[in-house]
Amino acid sequence: MAWQLHYTSARRGPTGRAGFQFVAETPGLPDGTRAAVTPYLSYRPPPDAPLSPGDAELELFPVSLLYDEVDGRPLLLRCRYLGRDYSGRYGNFFAHAVVAEPEELEGLRPAELWQAAHWTPLPAPGGVLEPVEELTPGAALDPEALAGWLASAGPGDPYALLAHLVDAVAGVLGRGHGRVVLIADDVELIARWIAVVSYSLPVAAAARLSFTTYTADPDGAAQRLVGTTPAVWATAQNRASHASVFDLRRGAPEGRASRFARTVAGCWRDRDLGGLDALAELAPPDDPAREGAAALLALSRGDATVTAGEEGAAAELLARRGTGLPAWVWRDLVAGVPSMGLDLTLAVHARARESGAADLAARCALRVGGLVSEALAGASRLAEVAGAASVAERAGAGVDPGEVAASAARCVRGGPAELAEALTGCPAGLRDALLDGIVAGLAGSGERAAALTPDNCDLLYAHAERLRAAPGVAVPVLASVGRRRAGRRIAVTAELLRLDGCEPGAVDAAVREVWAAPPSAAECLELLDAWGAEPPPAALAELPSRTFARLAGPGGDGLAEPAALRLAERVRALAPDGRAGRDAALVQAYGMAITADPPRAARALESLADAQGATERLAREAFADAALRLSPRPPGFRAELLAAVPAPVRARLAARWTGELPGRVRAGHAPLRGQEVERRNELVEVVLRLRRLGAGEPALESWARAAARRWLAAKQLDAHLASRPELRAELRDLLAEDAT
């Protein structure tokens, strides 16, 4: 039920007073209704209207149909100009208000009531109005009639005007403030355009579109859609600067309307009212996703003109509403799949699977496959290749690994290689193809060195097996990793030595780079064990010699460590004839010299002294170290050792022993400390024992005579030899030879 109110200027109203007042109403009017309606009760004629119109002229004054909401109830208010009032003064008007409960307009658009039967031209006598049991639309503005009228409405293209008008109204509804002003001489024309716009909206949106077909105050109108005349607009003070203004006499404004608005206009052009309903199901006009709704509708009808931006809006709508979209969308969108872009196809694919739309999901997967191929063909960065591969995997679309590899190779040849991002983003099933492409691209790139940064080399090394097909890439990658990461040098060397087809000398140079710091004996053994029983290549064969030199050199661990001796044995088994084999034999001789009895130690020292073909420095350091390690042995051992070696070796060994003594011990200066005295006494004893064995070493004997010549030294030596009278006698003989 709806309540009615009549308002006009009367000589005597229900309260007995004169002037503008409510002269009739429906009994039972809700409390506060009159007060709520009163602000809307006004009418001012256009400024160009006759000041004292006759009856015929009164029919030309614009009728105002206003729709708004008061206290949560719809208000429909029709005002017409009556001219004179009871006193003969001009300015009287009649306002017929209908206040309804919201459900009374369910399924209706307020604009449909433009010429409804319940409107009366004059106030009713008696003061009592019947309730309106049902709000029945007038016949003049039904959709079919409006579609026919719109086809010939002018000037210009009425559908372009409609599209711009829809955009303006959608903006006002979306913002919740502002107004759209329609200017025309004929209020009937304004009513028609309001009706067309109302039918273009879902019922719920139309219910929020307040309007008035005519106002003499467009600056102050509170409605969203406001009609006025050219004369009113010409005199408006602010010209409603914050409003969108459409002069219906001039047609559509310049510019391009949105996809949503163009779709609405297209539905009217095609008299496709079902399309308007479909659009309303997808998104109301004040929804930011309305562009996506229009794009989905266009695609469902096979329209291939949807732009990338519109597809993005459609994807956003799908993400927000998901499976809540109408069932017809999943059926009809099949027609639009061939023209969809990648992002939208993925969005549709995901939602179609959730909705059980198997046919649509399958077609989307095929489309994704085609788009991925296009993306791979046009990719310029590795990250794009990985992204395309990832997209294909998510959609379950097959992608040729060869396409991934070819695209990756082209990207690497064309610019910087962003391996980390690409490998992270690429699905596991296509990572090998991506890596093969990267390696192939690097192999054919003139800028390979710039791409093989330390980080990229580490990433590629994690997939070292993919490098073997491109030795030109594998060598610098492995060299970089081995040079920087000591813990990987053995594995890197093994990979280098397995490579085939390398440029001459490339592997040897890389191995030298990796082992710029020589390996330890244990590392060298591990390398040889990994190589196997075959003679090692040159790059590997030279490493043991460098290891031995490192061990024998100053600060080295020494050739006496067990790993060095095991390494020497292994080298002699694998390569006995080369330099490494001769160096290994020298190390074995060194081991014998410092551990065996005097006869065998003597033979070993002879080998050290005459190490032909071995590394000269190694032989020199090994002999010196052996002499150092033998110097603390007992005098008897040392004397027997000296007696067993040839004279040149004896002289060299004796020189090392005297050279190792502190300077003042060698010079015989006194006083000496206890340990110094002991070392001197023992070396003199070695000289004496050597003489008794029938051998001698002149330089050593000369040193002994000089050392024993001093009085204190003689006393100390006499005490040292107290238990060996034969050595005392030998000392006297030695000193006597000096006297002669």
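Could you order peptides 591-597, 499-505, 59-65 by the average number of other Cβ atoms within 10 Å of their residues, highest first? Let's see the in-between values first.
Values: 591-597: 17.9, 499-505: 11.6, 59-65: 20.3.
Descending mean neighbour count gives 59-65, 591-597, 499-505.
Whole number please: convex hull volume per residue, Cα atoms of region 382-538, in Å³. Intermediate results must be reported in sequence, preceding the final value.
On the way: hull volume 18.4 nm³, N = 157.
Looking at region 382-538, the number lands at 117 Å³ per residue.
Classify region 554-605 from the C-alpha gyration tensor, please: rounded if a/c falls under 1.5, else prolate or oblate depending on whether a/b exceeds b/c. In terms of gyration-tensor shape, oblate.
A simple spin-label model places pseudo-atoms 7 Å from Cα toward Cβ; at T15 and S42 they are separated by 2.0 nm.
Each pair of Cα atoms in region 288-378 enters the Kirkwood radius, and Stokes-Einstein at 4 °C and 1.567 mPa s then converts it into a translational diffusion coefficient of 102 µm²/s.
Just order 369-375, 192-198 by mean Cβ neighbour count inside 10 Å, highest at the front, would you? All intermediate terms of the calculation are to be shown ahead of the outcome.
Working: 369-375: 18.3, 192-198: 25.4.
Per-residue Cβ counts within 10 Å, averaged per peptide and sorted highest first, yield 192-198, 369-375.
In whole angstrom, how far apart do the alpha carbon centroids of region 116-173 and region 670-740 sit? If you average the Cα positions of each part, the centres end up 138 Å apart. With a Förster radius of 51 Å applied to the C-beta separation of D400 and L273, the computed FRET efficiency comes to 0.60. Taken as Cα centroids, region 572-610 and region 39-90 sit 127 Å apart, rounded to the nearest whole angstrom.
Relative to the longest principal axis of the Cα atoms of the chain, helix 158-175 runs at roughly 70 degrees. Volume per residue for region 528-630 equals 90 cubic angstrom (convex hull of Cα atoms).
Taking 45 Å as R0, compute the FRET efficiency from the Cβ-Cβ separation of A234 and L366 and round it to 0.05. FRET efficiency, A234 to L366: 0.15. Relative intensity of region 2-113 on a log10 scale, I(q)/I(0) at q = 0.12, 0.14, 0.19 Å⁻¹, equals -0.46, -0.62, -1.02, per a Debye sum over C-alpha point scatterers of equal strength in the absence of solvent.
Taking all C-alpha pairs of region 124-273, those more than 26 Å from each other amount to 26 percent.
Relative contact order of the chain, taken over Cα pairs closer than 8 Å and 6 or more residues apart, is 6 percent. Relative to the longest principal axis of the chain, what angle (0 to 90°, nearest 10) does the C-alpha long axis of helix 308-321 take? Taking the Cα atoms of the chain, the angle to 308-321 is about 90 degrees. Calculated FRET efficiency, A335 to S152, Cβ-Cβ distance, R0 = 41 Å: about 0.80 to the nearest 0.05. Label positions at A222 and E316, each projected 7 Å from the Cα along the C-beta direction, are separated by 3.3 nm.
Mind sorting F20, F623, F548, F211 by how few other Cβ atoms lie within 10 Å of their own Cβ, fewest first?
Details: F20 18, F623 24, F548 31, F211 27.
The most exposed by this proxy come first: F20, F623, F211, F548.
Peptides 46-55, 380-389, 649-658 ranked from most to least packed, by the mean per-residue count of other Cβ atoms within 10 Å: 380-389, 649-658, 46-55. Counting only Cα atoms, the size of the chain along its three principal axes is 172, 56, 42 Å, in decreasing order. Averaging the Cα positions of each part gives two centres, and for region 510-564 and region 223-237 these lie 98 Å apart.
Placing a label point 7 Å from the Cα of E281 along the Cα-to-Cβ direction, the residues of region 309-337 whose backbone N falls under 12 Å from that point are 325-333.
Working value for region 336-388: equivalent-ellipsoid semi-axes of 23, 10, 8 Å, each the square root of 5 times a Cα gyration tensor eigenvalue, largest first.
Bear in mind these aren't lab numbers, they're just calculated from the coordinates by the rules spelled out. Fair warning: this is a prediction, and the values are worked out from it, not measured in the lab. Cβ: placed from backbone, ideal geometry, glycine included. Neighbour counts: every protein chain shown.
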